[in-house]
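Undergrad: What follows is a single structure, and I will ask about it in a moment.
The values are calculated or read from the model by the stated rules, or taken from the named source; none is laboratory data. As the structure is a prediction and not an experimental result, all values here were calculated from the model. No Cβ is skipped: glycine too gets one built from the backbone with ideal geometry, and neighbour counts run over all protein chains shown. With ligands, DNA and RNA removed, areas are computed over all heavy atoms of the protein, side chains included. Shrake-Rupley method; radii C 1.70, N 1.55, O 1.52, S 1.80 Å.
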Amino acid sequence: MKYSANSVWVNKDEYDVVVVGAGHAGCEAALATARLGLKTIVFTVSVESIALMPCNPNIGGSSKGHIVREVDALGGEMGKVIDKTFIQSKMLNKSKGPAVHSLRAQADKNKYSNTMRQVLESQQNLEIKQAEVVNILVEDGKITGVQTYSGTIYHCKALILCTGTYLKARCIYGDVSNETGPNGLQAANHLTECLKDLGIKMYRFKTGTPARIDKRSIDFSKMEEQFGDEKIIPFSFTTNREDVQIDQASCWLTYTNEKTHDIIRRNLDRSPLFSGMIEGTGPRYCPSIEDKVVKFADKDRHQVFIEPEGLNTNEMYVGGMSSSLPEDVQYEMYRSVPGLENAKIVRNAYAIEYDCIDARQLHPTLEFKNIQGLYSAGQFNGSSGYEEAAGQGIVAGINAAMKILGKEQIILDRSQAYIGVLIDDLVTKESLEPYRMMTSRAEYRLLLRQDNADQRLTKIGHDVGLISDERYEKLVEKERIIAEEIERLEHTNVGTSQEVQQLLASCNSTLLTSGSTLADLIKRPEITYEILKPIDHARTYELSEEIMEQIDINIKYDGYIKRQMKQVEQFKKLENRRIPENIDYDKVPSLRIEAVQKLKQYRPISMGQASRISGVSPADISVLLVYLGY
């Protein structure tokens, strides 16, 4: 049943958009709608939870770094804020190809949250309100407003749900169960029933976090120190690279051992994960230490990263040892790890259960299929991670604004962005566990590199109104320089002069037996655009590191990029073949019964989306193509 307040009061202020939740999805959604000129109010159960990092103290990582850069390219805020608040930065997977290079930064958690809060507080058209939203108001299948716990009604034209892990949240360790959200903050206990009354299918998911340990109780001499990159690359394309070259904090690496694993095995019966006390499904790719010990019994050790939560706190995050074991077992377990023998726990590890939705109820725009003007983003959609939340948040914000403004909503497809892959997976595939983005999920990852996110998405951000003319013109100029310089290199020949041969020899590169273009030399793994400067006599100008990197990647991987672009052309053919909203699948001859059932359930908007639905075969797609006259 819906929550019913003792008294009802209608707030006379009219809002275009209401955003429920001010986590990473809510912040991006609210900023997007406000920046597009719409009067927006964002509700949070606590203003202290704005852009909160309740778990790991970092932004980015494998594939997640791609998403942060895509959010920035669309006009979002996450990249800018982490550039101002990071304490260590690394480009991951540098020994591999550029498709999997991913930026990851340790954050000063409090500073990140406070900085994002300042951005929201200073944003025109945006208000922040600490209150729990308990009811959603719908008339004739359209959103009309929300009601808070106090009974106050706020009218709006669009509503974006970004509730994160707060819906009926329950934090658990051992036999301790607290009806709270993350970090002991208030849970949102009333909205779930309203959602169910509206016919929305809900799931119960789980995630967790490790203990925080007092830095003064750690023996770092028994651990391996982990340093950041010497030359730091920012997340935001607008950040000056010189501004992020700072002194960085260290992290440390240690390992569990057989003693640790024995302690865990002996106490599995006290783990709510295995006793049945926890009902929610946890993330496959970020398991608790109990899960790791049980599922990977052949492993005699697991990595443990000790990471600072900020520069002005002694709290250290124990990455890799998430747990819901009782407090006494946590002490015994952590103290068995080298360097943590005298560890003092500041905050116990815990698991958290929460309500979220089956995202197959959403269009690729993140609008609910059965309620106009209702959008959702973030962990509420069954995903995990700050970055995945931010990516969905900015898309939901843009589309809510476009709908109100009477403009075409955006759909990022799988060939355009990791955000497109993420959303497409969420709305077309059943997720029985929290969804985590990985590079392996993207078929066109050579095109979806983190280094070219601006070239892929900034035009879209500019078209919707989140990217300024000045920023867009800089991108156009950058693309012109890259294209003209690559063309020059492809038509600049060098011979077998002593100067050329000496340079090649210094790079341990095969000497030339005949003439070559500079572009052909750059195709060699050991040669770069910058290395060739001494023999490139026509180069009388300096280019930025960013542009030189693009020149190298585009030349070195030219054949692979062209091949993948041909694959995208085939993919686009199905994506561009739209399916009418009012199609009656029961009247499509020769369509299998399972396909009819699945297509009626999902109501895909294109042949491409239909082809990715489990239970719809290639033969079914052929039948549909013929029926629709394609």
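Undergrad: When residues of region 508-518 are filtered for being crowded, with 16+ Cβ neighbours inside 10 Å and touching a Lys or Arg at 6+ places or on another chain (Cβ under 9 Å), how many remain?
TA: Here the count works out to 2.
Undergrad: Exactly one of these conditions fails for Gly559: (1) farther than 17 Å from Pro618 by Cβ; (2) small (Gly, Ala, Ser); (3) part of a loop (DSSP other than H, G, I, E, B). Give me its number.
TA: (3)
Undergrad: Next question. In this structure, does Arg577 turn out to be touching a Phe, Trp or Tyr at 6+ places or on another chain (Cβ under 7 Å) and at pLDDT 90 or above?
TA: Here the answer is yes, as Arg577 does meet what is asked.
Undergrad: Quick one: count up the residues across region 235-275 that are assigned to a loop (DSSP other than H, G, I, E, B) and over 26 Å from Asp298 (Cβ atoms).
TA: 12
Undergrad: Given Asp247, Asp269, which one is at pLDDT below 95, surrounded by fewer than 16 Cβ atoms within 10 Å (Cβ to Cβ) and at negative phi?
TA: Within the list Asp247, Asp269, the selection yields Asp269.
Undergrad: For region 587-629, enumerate the residues that are outside any helix (DSSP H, G or I), surrounded by 13 or more Cβ atoms within 10 Å (Cβ to Cβ) and not polar (S, T, N, Q).
TA: Across region 587-629, the qualifying residues are Val588, Leu591, Arg592, Arg603, Pro604, Ile605, Arg612, Ile613, Gly615, Val616, Leu628.
Undergrad: Those residues that are more than 30 Å from Lys80 (Cβ to Cβ) and either in contact with a Leu (Cβ under 9 Å, 6 or more places away or on another chain) or in a loop (DSSP other than H, G, I, E, B) (or both), I need them from region 1-43; list them, please.
TA: Met1, Lys2, Tyr3, Ser4, Ala5, Asn6, Ser7, Val8, Asn11, Lys12, Glu14
Undergrad: Among Asp584, Asp558, which is the only one that is over 22 Å from Ala359 (Cα atoms), in contact (Cβ under 8 Å) with a residue 12 or more places away in the chain and either open to solvent by less than 50 Å² (accessible area, probe 1.4 Å) or among the acidic types (Asp, Glu) (or both)?
TA: The unique qualifying residue is Asp558.
Yes/no per residue for (1) open to solvent by 10 Å² or more (accessible area, probe 1.4 Å); (2) over 21 Å from Asp219 (Cβ atoms); (3) in contact with a Pro (Cβ under 8 Å, 6 or more places away or on another chain):
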{"residue": "Lys299", "(1), (2), (3)": "yes, yes, no"}
{"residue": "Val318", "(1), (2), (3)": "no, no, yes"}
{"residue": "Ser324", "(1), (2), (3)": "no, yes, yes"}
{"residue": "Val329", "(1), (2), (3)": "no, yes, no"}
{"residue": "Arg347", "(1), (2), (3)": "yes, no, no"}
{"residue": "Ile357", "(1), (2), (3)": "no, yes, no"}
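Undergrad: Inside region 22-40, can you point out the residues that are crowded, with 24+ Cβ neighbours inside 10 Å and of a type in the set (A, V, I, L, M, F, W, C)?
TA: Ala22, Ala25, Cys27, Ala29, Ala30, Leu31, Ala32, Ala34
Residue-by-condition table, conditions (1) in a helix (DSSP H, G or I); (2) in contact with a Ser or Thr (Cβ under 8 Å, 6 or more places away or on another chain):
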residue: Met53; (1), (2): no, yes
residue: Ile67; (1), (2): yes, no
residue: Lys80; (1), (2): yes, yes
residue: Met91; (1), (2): no, yes
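Undergrad: State all residues of region 519-551 that are open to solvent by 70 Å² or more (accessible area, probe 1.4 Å), in a loop (DSSP other than H, G, I, E, B) and not β-branched (Val, Ile, Thr); if no residue qualifies, say none.
TA: Listed by number, the residues that qualify are Lys523, Pro525, Glu530, His537, Tyr541, Glu542.
Undergrad: Quick one: in region 161-214, which of the residues that are in a loop (DSSP other than H, G, I, E, B) and closer than 26 Å to Lys344 by Cα is most open to solvent (accessible area, probe 1.4 Å)?
TA: Restricting to residues being in a loop (DSSP other than H, G, I, E, B) and closer than 26 Å to Lys344 by Cα, the top hit is Asp175.
Undergrad: Give the residues of region 76-91 that are under 26 Å from Tyr444 (Cβ atoms), under 16 Å from the mean Cα position of the chain (by Cα) and open to solvent by 10 Å² or more (accessible area, probe 1.4 Å), sorted by residue number.
TA: none
Undergrad: Scan region 32-39 and give yes if some residue there is under 26 Å from His190 (Cβ atoms), under 19 Å from the mean Cα position of the chain (by Cα), charged (D, E, K, R) and at pLDDT 95 or above, otherwise no.
TA: Within region 32-39 (the criterion being under 26 Å from His190 (Cβ atoms), under 19 Å from the mean Cα position of the chain (by Cα), charged (D, E, K, R) and at pLDDT 95 or above), the answer is no, since none of the residues qualifies.
Undergrad: Within region 487-510, can one find any residue that is under 33 Å from the mean Cα position of the chain (by Cα) and under 30 Å from Thr458 (Cα atoms)?
TA: There is no residue in region 487-510 that is under 33 Å from the mean Cα position of the chain (by Cα) and under 30 Å from Thr458 (Cα atoms).
Undergrad: When only residues in region 103-142 that are among the small types (Gly, Ala, Ser) and part of a loop (DSSP other than H, G, I, E, B) count, which is surrounded by the fewest Cβ atoms within 10 Å (Cβ to Cβ)?
TA: Ser122
Undergrad: To continue, here is another question. Suppose the filter is among the hydrophobic types (A, V, I, L, M, F, W, C), open to solvent by 20 Å² or more (accessible area, probe 1.4 Å) and part of a loop (DSSP other than H, G, I, E, B); does Leu466 pass it?
TA: yes
Undergrad: Name the one entry in Val19, Val45, Val100 that is in contact with a strand residue (DSSP E or B) (Cβ under 6 Å, 6 or more places away or on another chain), β-branched (Val, Ile, Thr) and open to solvent by 20 Å² or more (accessible area, probe 1.4 Å).
TA: Testing whether each residue is in contact with a strand residue (DSSP E or B) (Cβ under 6 Å, 6 or more places away or on another chain), β-branched (Val, Ile, Thr) and open to solvent by 20 Å² or more (accessible area, probe 1.4 Å) leaves just Val45.
Undergrad: Taking region 395-419, which residues are touching a strand residue (DSSP E or B) at 6+ places or on another chain (Cβ under 7 Å) and open to solvent by 10 Å² or more (accessible area, probe 1.4 Å)?
TA: Result: Lys403, Ile404.
Undergrad: Out of the residues in region 438-463 that are closer than 30 Å to Gly406 by Cα and open to solvent by 40 Å² or more (accessible area, probe 1.4 Å), which is nearest to the chain's Cα centre (by Cα)?
TA: Arg456
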